[in-house]
Amino acid sequence: MPMYQVKPVSGGDMKVDLPTCMYKLPSFHSSHGSSGSPEHALQNGEVDPAVKALEARQDEIMRKLYELKAAVEGLAKTVTTPDADLDLTVSSSLSSSTTFKGTTDLDTLLGKDLGALRDIVINANPAQPPLTLLVLHSLLCQRYRVLSTVHVHSSVTSVPPQLLSCLGPRHADSYARHMFQLGFTLIWKDVPKLQMKFSVQNMCPIEGESNVARFLFKLLAPYPSDPAAATLVDSWLDTAFFQLAEGSAKERAAVLRALNSALGRNPWLSGPEFSLADVACYCCVLQTGSAASAPANVQRWIKSCDNLGHFGPAKRLLQ
C-alpha cells in the first residue's frame, strides 16, 4: 500500500515517439529535382557536382603539400647555417646535353647520392651579379638534370626582377626532387664576397667567384692534366677577376692587349679548345663594358663566344 496516492495528470495512455538518431541530414548521394521525388538519385553512373568539386579541391591540396615538402627539403641543408633566413623561392630548370669533352662522375666529385638531392648553395650579392656562375649553371643544365632555385635573404631589401628569374623558369616537376641529379640554389644576400657551400657539415665555404667557378667547371669536364695548361687557365681566371673586373682603366687596357696577343696565336685562350678561361674573361669583358673598345682579335673571339650560345643568361642580365 503506497504512502501517498496521486491522481494521474493526463488522462488515458500517452505514446511518445523516441528518436532513432541524434541528427538527421539529407543524403549526399541524391539531388533535388524540379519534379517528382525531392531526393532523386543520379542515374547512368553520373557523379554529383559537389563530389567533383570536393575531389578537385583535394587534388589541389595534395599538389600544394608536395610543393611545400619540396621547399622544406630544399632548405634542409641551410637550416643549420645563418643562410636559413630565406623568404622567396622562384625558379628551377631541367635539361640535358653535352658541351665539353671528357667525362665527370658526380659520385666521385660530390660523394655518393644517399637519397637526398646534392644541393650546391651559393650566396651572392645582387650588387655584383656573378655572370660566370650563371653561364656555368646553364652549361650544367645541359649536362645534368638540375633543380635550380633562387632565394632572397632578409639582409637584402629589394632585388631586381631579372635577378629573381636569372636561373630560368620554374620547372613543373620541381616538387619531385628525386627526379633531379643536382640542386643549384642561389641566395641573393648582402655578403662582401661570393660564397658557396655544398656540404654544410663537412666543408668550409668556398669564397670568391673564381674559386667557385673552378669548382663548378670540374662538374662539366676534368681540369687539364698538363700542369702547364692548368696553370694557364688559372692565370687567365685570376687576370679576369682581379685585373679586368676590379682593376683600373690602365690595368684593363693591359689585359685587353694581353688577350689580343694570346688570341692571335690560338682561337681560344687556353689553346685549341674552349675552356673556363674563355668563360671568365668573356663575362668580365662584358660586365666592364670593354667589348666596344677591344682590339681586333678580341672582337673576333667575342663573336666566336656569342656563336656558341652559352652566354645568353649573362647577356640577358645586363640588358
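The values are calculated or read from the model by the stated rules, or taken from the named source; none is laboratory data. Please read these numbers as outputs of a predicted model, since none were measured by experiment. Cβ sites come from the backbone with ideal geometry, for glycine too, and all protein chains shown count toward neighbours. For the accessible areas, the whole protein counts, side chains as well, though only heavy atoms, and no ligand, DNA or RNA atoms are used. Shrake-Rupley method; radii C 1.70, N 1.55, O 1.52, S 1.80 Å.
Of note:
To keep it simple, each residue is scored yes or no on (1) open to solvent by 10 Å² or more (accessible area, probe 1.4 Å); (2) within 24 Å of Ser270 (Cα to Cα); (3) free of Cβ contacts under 8 Å to residues at least 12 places away in the same chain.
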{"site": "Val146", "(1), (2), (3)": "no, no, no"}
{"site": "Thr149", "(1), (2), (3)": "yes, no, no"}
{"site": "Pro160", "(1), (2), (3)": "yes, no, no"}
{"site": "Arg170", "(1), (2), (3)": "yes, no, no"}
{"site": "Cys204", "(1), (2), (3)": "yes, no, yes"}
{"site": "Asp226", "(1), (2), (3)": "yes, yes, yes"}
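- Residue within segment 141-156 that is of a type outside the set (Val, Ile, Thr), assigned to a strand (DSSP E or B) and closer than 23 Å to Leu308 by Cβ present: yes
- Lys193 under 30 Å from Asp119 (Cα atoms), assigned by the TED database to the domain that holds Val146, basic (Lys, Arg) and open to solvent by 50 Å² or more (accessible area, probe 1.4 Å): yes
- Matching residues in segment 234-255 - criterion: being assigned to a helix (DSSP H, G or I), open to solvent by 30 Å² or more (accessible area, probe 1.4 Å) and of a type in the set (Gly, Ala, Ser): Ser235, Ala249, Ala253, Ala254
- The residues of segment 17-36 that are at pLDDT 75 or above and among the hydrophobic types (A, V, I, L, M, F, W, C), listed by number, are Leu18, Cys21, Met22, Leu25.
- Helices (runs of 4 or more DSSP H) wholly inside segment 256-319 containing at least 3 residues that are touching a Gly at 6+ places or on another chain (Cβ under 6 Å) and modelled with pLDDT under 95: none
- Residue count for segment 291-305, restricted to those that are of a type in the set (Val, Ile, Thr) and free of Cβ contacts under 8 Å to residues at least 24 places away in the same chain: 1.
- Checklist (1) of a type outside the set (D, E, K, R); (2) modelled with pLDDT of 80 or more; (3) surrounded by 11 or more Cβ atoms within 10 Å (Cβ to Cβ); (4) under 22 Å from Val156 (Cα atoms) applied to Ala127, failing item: (3)
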